[in-house]
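The values are calculated or read from the model by the stated rules, or taken from the named source; none is laboratory data. Keep in mind that what you see is a predicted model, and the values were worked out from it rather than measured. Quick note on the areas: whole protein, heavy atoms, side chains included, nothing else; ligands and nucleic acids left out. Shrake-Rupley method; radii C 1.70, N 1.55, O 1.52, S 1.80 Å.
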Amino acid sequence: NLLIVGASGSGKSSLLRVIAGLWEKEKGEINRPKSEDVYFLPQRPYCPPGSLRDQLLYPSTEHNHDYTRIGTIASDHRPDGGPRPHDERRLWKDWKDDDLLHILERVDLPHLATRAGDGDPHRGLDAVLDWSNTLSLGEQQRLAFARLIVNRPRLVVMDESTSALDVVAEKKMYTMLKDVSMEAGTAGL
């Protein structure tokens with residue numbers, strides 16, 4: 001674990017973005033795992049268009065889904081009838097619905113899928129909503145921690161990723177992250 005502190009405007013976020021590989025460095029050398037093994041967890045997590053399942057699997061989801069209507073249930077097939085592709089190169093296991101629902105419980109979002117699926121949590125995993133506007137910032141931050149469980153990157157770079165959580169929730173997320181790291185037998189997570 002490494003904590004970078006400094007005054008506002010001193011470049012902490014810029015340094016983290018370079019370390020995470022989001023920005024190019026001017027000079028010098030940065031040694032880190034391959035880009036697909038690095039996960040940047042910002043203060044405001046990105047919620048791509050798609051289902052709740054896509055939110056949990058991100059960035060391992062395909063970005064070319066044809067979601068034309070918010071508030072629908074995503075199918076396993078594209079509009080042309082072909083299977084809905086998923087980039088599974090970063091997933092370390094095949095996630096079942098019950099696994100994903102358990103992960104939502106671990107990050108204190110146990111009712112999210114039920115709410116999105118009108119009472120049916122399994123259906124809720126495939127609900128397509130505007131997640132950035134549906135979820136509070138605190139819920140988005142907890143969802144981002146769920147993504148860490150799903151994707152298990154070797155290196156996580158965090159930039160104020162718990163700023164919208166209270167102290168109890170923040171401690172729970174960091175403890176859960178430490179537990180997941182020990183479960184996986186990796187020191188980088």
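3J(HN,Hα) couplings calculated from phi for region 154-169 with the Karplus curve 6.51 cos²θ - 1.76 cosθ + 1.60 (θ = phi - 60°) are, in sequence order, 6, 10, 10, 10, 10, 10, 6, 6, 10, 4, 9, 9, 6, 4, 5, 5 Hz; Gly and Pro show x.
Each residue of region 21-29 is assigned a 3J(HN,Hα), and the resulting list reads x, 7, 10, 7, 7, 6, 7, x, 9 Hz, derived from the Karplus form 6.51 cos²θ - 1.76 cosθ + 1.60 (θ = phi - 60°), x at Gly and Pro. Considering only Cα-Cα distances, which of the following residue pairs are longer than 24 Å: Lys25/Lys171; Lys34/Lys171; Lys34/Lys178? Pairs exceeding the cut-off: Lys25/Lys171; Lys34/Lys171.
In order along region 36-41, the Karplus-derived 3J(HN,Hα) couplings, from 6.51 cos²θ - 1.76 cosθ + 1.60 at θ = phi - 60°, round to 5, 9, 10, 10, 9, 10 Hz, and Gly and Pro are given as x. Taken per residue, the accessible surface of region 97-189 reaches 46 Å², heavy atoms only and a 1.4 Å probe.
Between amide H atoms placed 1.01 Å from N, distances below 5 Å from Val157 occur with Tyr39, Phe40, Leu41, all of them 5 or more places distant or on a separate chain. Bridging of Lys27 to lysines at a Cα separation below 25 Å is possible for Lys12, once same-chain residues fewer than 8 apart are set aside.
Quick one: grab the alpha carbon gyration tensor of region 11-52, order the square roots of its eigenvalues as a ≥ b ≥ c, and give me rounded if a/c is under 1.5, else prolate or oblate depending on whether a/b is larger than b/c. Prolate, since a/c reaches 1.5 and a/b exceeds b/c.
Under a 5 Å amide H cut-off, with hydrogens placed 1.01 Å from N, Val128 pairs with Gly71, Thr72, Ile73, Ala74 among residues at least 5 apart or on other chains.
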